[in-house]
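Presented below is the structure to which this report refers.
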Amino acid sequence: MPDSTAPIRPAPVRIVTDSACDLPPETAERHGIEIVPLTVRFGDEELVDRRDLTPGQFWDRLARSEVLPETAAPSPGAFEAAYRRAADDGCDGVVCVTISAGLSATYEAANLAAQAVTGSIPVRVVDSRAVALAEGLMAVRAAELAEAGGGLDDVVRELDDLVGRSRTFAALDTLENLKKGGRIGGAQAFLGSMLSIKPVIQVSEGKVEPESRQRTRAKALRYLAEKVRQHEPVDSLAVMHGDAPDLDEMLDLLSPTHRREEIVVGDVGAVIGTHTGPRVMGVIFFVR
């Protein structure tokens, strides 16, 4: 993750998001998106997401850990500092895109910070009602509009539209992390048959919900590719994975309709990975 204190190129509107967005660092840096990190706690040790702990380091550590890590939202002060940096850089305003308010207190922290800078710079906070690259791609689209000269209202309108068109489907190898982390929501329905299925979940209305039961990992990946085909034509197709060894197989399944260079690929980091568990594979896109 880019150093949040590093200079970010000025734009009329600064886009801020949180580290649950799972954007590749070079993508965030290219678009001048400032990322406010969540924290990850392994027992008594607290680490700053993507600063103290890269996705690769997280998965290595998770495999060796006897306890499930916990995540915590950024403090309002961390968001306030980001907003004030935008004001100091001469920005006209800030649009902050956060992980779903139904899954994290991050949205609340971002709003409290917005109130703290009233009079210094206008801030609009948007609940992505999404996770991972769905949130990240919204931030990128917002940044592209801001780079083209879009104002606060223009950017927020674009984000409101994307929130309604966002789709996320993911195949899990286990439900244990969701269960232990308390984020299982409607996916509770899967628990009775965990041993015989590879569950597919979706993010719906900002919550994690069950979507399908597949017998094998291969069938689960084919199911994800079929979900994309069912919604064609789609915008901004992305694949997210948590240290999954079969990433190439997933990309091959999508290749009949989407060239590899057009698919955004992102590593699931500690914030999302804590709850999904290892080898999660997901597809993210916007319907037209």
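Quick notes on this structure:
- Sparsely packed GluC sites (Glu not before Pro) within segment 41-114, loop by DSSP, other Cβ within 10 Å at most 14: 66
- Kirkwood Rh in Å, taken over all unlike Cα pairs in segment 76-153: 12.8
- Sorted by Cβ neighbour density within 10 Å, fewest at the top, the residues 276, 98, 174, 39: 174, 39, 276, 98
- Computed from Cα atoms, the angle from the helix 106-116 axis to the main principal axis of the chain rounds to 10 degrees.
- Per-residue [θ]222 nm for the chain (sum of -39500 (n - 2.57) over DSSP H runs n ≥ 4, rounded to 500): -11000 deg cm²/dmol
- Applying the Kirkwood pairwise sum to the alpha-carbon positions of the chain produces a hydrodynamic radius of 19.0 angstrom.
- Under 21 Å between alpha carbons - lysine pairs in the chain that sit 8 or more apart or on different chains: 9
- Per-selection metrics, segment 13-164 (Cα): Rg and Dmax in Å: 15.4, 50
- Once the Cα atoms are used to define both axes, helix 152-165 deviates from the longest principal axis of the chain by about 10 degrees.
Only the coordinates and a few stated rules stand behind these numbers; no lab work does. Quantities reported herein were computed from a predicted structural model and do not represent experimental measurements. Cβ atoms come from the backbone with ideal geometry, glycine included; neighbour counts cover every protein chain shown.
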